[in-house]
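The values are calculated or read from the model by the stated rules, or taken from the named source; none is laboratory data. Here the structure is a predicted model, which is why all the values come from computation and not from measurement. Note that each Cβ is placed from the backbone with ideal geometry, even for glycine, and that neighbours are counted across all protein chains shown.
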Amino acid sequence: MAQPSNLSGPRILSTEQDLRDLLDSLYETTQAALKEGIKPCFKGLLEYMKAEVTILTAIHNIKSNKGSETPGSDGETMREHILEKDYAGIIARVQAGLTHYVPLPIRRKYIPKPEKMEKRPLGIPTIIDRIIQECIRMILEPIMEAQFFKHSYGFRPMRDAPMALERTKRVVHQTGYHWIVEGDIAKLFDTVHHAKLGRFLYGMGVRDQRVLMIIKAMVKTGIVNETPVNLLGTQQGGILSPLLANVYLHQMDYWVTREWENKKTRTIFSQSASRTTVLKKSSRLKPAYLVRYADDWVLIVPSKQQAEKWKQRIAKQIQSVLHLTLSEEKTIITNVREKPIHFLGCEFKVVKGKSRTGYITRSRPDRTRLQAKIKELHRKVNHLKRCGSKEQLMREIYTFNAVIRGIIQYYQGTTWVNIALRKYAHNLRTKAMRILEKYGGIWLPAHQTKNLPSVHADYTEKVPAILVKDMYIGVTSLSFCRWKKTDLKRPKETPHTAEGRAIYREEEQEATTGTSR
DNA sequence: AACGCTCGAAC
RNA sequence: CUUGUUCGAGCGUU
């Protein structure tokens, strides 16, 4: 690697456009540095974070968070203590915080993990500290985004879990590999090592010591009634924490993929380097494709032996470099031609079928998780009983329908979505009808209802409906779903370049206009 | 275009 | 007095 160079010149930030341009340029200079094999190196970052426009944008970004009325340890809430106050005073407070950062202790709250006895420890910062974290996140994100592994999908803009699943499917389909290491990193947020994190940030271009000190102070923030200083881990509930988790695991991405997936690009980047070493290495390459979603990942490899080997290698590496542990019982090696893997709430396997490899991929909602959701839906149908009036019932139907649509929309990318969901539709429907009967409910073909027209227009199946002000309002069905192709990420798509945003908008257009395809 | 609200999913 | 990041669906307001 060539010498690092300071890539960020001083810059005045006054308008929102200035800020937008700054974020774009942070992304672009980082990417340009990478292409030339130079380490990115940013020094004057704190000034950008302290700019008035940054702080106002930060407040704007997080003001409508669900928890913005949930106070931290100082009792402050967004509306009462920030939005309704004189904004010059608030800006001064944030700027002071960014100058001499003394974060207030975080509030601890234990919440149950879904379907588990185990509890998840939340760390809730005060509102003012959340604003400060958002100021930092905004500036750091483009620098990190330009460097992250392209098949890391968790906590990242313009990416989602269905894309991670789609990537996994395509790798299996295109390579014909069917051995998969399903990886599980134990308690990622709680075990992030502070000094290592600082080094990784530095290595990725955050060379403003003041910013590194603020982040250090932030992760070390004490916990009310527990500890005056936190020695390990990053707050689950901190605005910056997801980005920090990705920075931390970027080390793993880099290490796992440099041997194979990223090999080609890397050789292009360092053409001056000896080609013979590259070629020699390639003769004993270990093919492996990583797909990561936060602390959850899969590695697709050609054989069982390779799977075992990689599992040991990764376990050893993340232990020594990251002080992280693979949970031994949850990290599984699976032949997807024999049994499914479980990844991101879905099951996924390959079965014999007509394709180049002789196999095709099948996916469906994870059985046990789906059953839990169905149970929850039944509970919610019963809840419809409690409505006093027809109008109230109508509102309850709307929210119930939103729940159903939400479930459907997530699983739409799985090939068996309809088969998996429709099994449960009948019972829910009849249960709903029993309740609607008291309000004059009738069975009506879905396309004759007035609600959810974009969905109901396509279905003639009968649903329970009630008449409210001349309009039939129907309870939607879990069976109103069909498989929908998931588009993969295009490499240039990012929120941090004008071009990347344009591609994103283009895709949105296609998705809304081209539904007839 | 922008904002607001309801709801879902992953971690 | 259940936080956070990200993604998505639906509805509404000027």
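Observations, loosely collected:
- Restricting the first member to the stretch A:213-225 and to residues that are under 18 Å from residue A:188 (Cα atoms), and the second to residues that are surrounded by fewer than 16 Cβ atoms within 10 Å (Cβ to Cβ) and β-branched (Val, Ile, Thr), the beta-carbon pairs closer than 7 Å and six or more apart or on different chains are A:220/A:229.
- Search result, residues across the stretch A:284-322 that are within 19 Å of residue A:344 (Cβ to Cβ) and hydroxyl-bearing (Ser, Thr, Tyr): A:289, A:293
- Exclusive hit being in contact with a Leu (Cβ under 8 Å, 6 or more places away or on another chain) and among the basic types (Lys, Arg), set A:130, A:167, A:159: A:167
- For the stretch A:451-474, the condition holds for at least one residue, the condition being that it is more than 15 Å from DNA strand B (Cβ to nearest atom), of a type outside the set (Phe, Trp, Tyr), modelled with pLDDT under 85 and more than 35 Å from the chain's Cα centre (by Cα).
Let's see how each residue does on (1) in contact with a Lys or Arg (Cβ under 8 Å, 6 or more places away or on another chain); (2) away from RNA strand C (no atom under 16 Å from the Cβ):
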site: A:123; (1), (2): yes, no
site: A:134; (1), (2): no, no
site: A:143; (1), (2): no, no
site: A:157; (1), (2): no, no
site: A:172; (1), (2): no, yes
site: A:178; (1), (2): yes, yes
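- For the stretch A:268-284, the criterion of being modelled with pLDDT under 95, over 18 Å from residue A:120 (Cα atoms) and touching a Leu at 6+ places or on another chain (Cβ under 9 Å) is met by at least one residue.
- Remark: pairs (first residue in the stretch A:436-460, farther than 14 Å from residue A:477 by Cβ; second residue of a type in the set (A, V, I, L, M) and part of a loop (DSSP other than H, G, I, E, B); Cβ separation under 9 Å; 6+ apart in sequence or on different chains) = A:441/A:475.
- Looking only at the stretch A:409-434, residues that are near DNA strand B (Cβ under 9 Å from one of its atoms) and of a type outside the set (Phe, Trp, Tyr) come to 1 in all.
- Set A:482, A:422, A:429: member being touching a residue at least 24 places away in the same chain (Cβ under 8 Å), within 16 Å of RNA strand C (Cβ to nearest atom) and basic (Lys, Arg): A:482
- The stretch A:381-397 - residue that is touching a residue at least 60 places away in the same chain (Cβ under 8 Å) and not β-branched (Val, Ile, Thr) and, of those, surrounded by the fewest Cβ atoms within 10 Å (Cβ to Cβ): A:391
- Exclusive hit being outside any helix (DSSP H, G or I), away from RNA strand C (no atom under 15 Å from the Cβ) and touching a residue at least 12 places away in the same chain (Cβ under 8 Å), set A:102, A:94: A:102
Per-residue answers, yes or no, for (1) at pLDDT 90 or above; (2) within 32 Å of the chain's Cα centre (by Cα); (3) within 30 Å of residue A:467 (Cβ to Cβ):
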| site | (1), (2), (3) |
| --- | --- |
| A:343 | yes, yes, no |
| A:348 | yes, yes, no |
| A:366 | yes, yes, no |
| A:369 | yes, yes, no |
| A:393 | no, no, yes |
| A:407 | yes, yes, yes |
| A:414 | yes, yes, no |
| A:419 | yes, yes, no |
| A:446 | yes, no, yes |
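- Scope the stretch A:113-142; condition in a loop (DSSP other than H, G, I, E, B) and either under 17 Å from residue A:234 (Cα atoms) or among the basic types (Lys, Arg) (or both); matching residues: A:113, A:116, A:125, A:126
- If the condition is being buried (at least 16 other Cβ atoms within 10 Å of the Cβ) and assigned to a strand (DSSP E or B), then the stretch A:429-463 contributes A:444, A:462, A:463.
- Candidates A:312, A:371: the one that is without any contact (Cβ under 8 Å) to a residue 40 or more places away in the chain, polar (S, T, N, Q), on the phi < 0 side of the Ramachandran plot and surrounded by fewer than 13 Cβ atoms within 10 Å (Cβ to Cβ) is A:312.
- Criterion (surrounded by 18 or more Cβ atoms within 10 Å (Cβ to Cβ) and among the hydrophobic types (A, V, I, L, M, F, W, C)) met by exactly one of A:128, A:111: A:128
- Selected residue (criterion: modelled with the highest pLDDT) from residues of the stretch A:164-187 that are within 14 Å of DNA strand B (Cβ to nearest atom) and surrounded by fewer than 21 Cβ atoms within 10 Å (Cβ to Cβ): A:182
- Only one of the numbered conditions (1) in a strand (DSSP E or B); (2) closer than 18 Å to residue A:288 by Cβ is violated by residue A:364, and that is (2).
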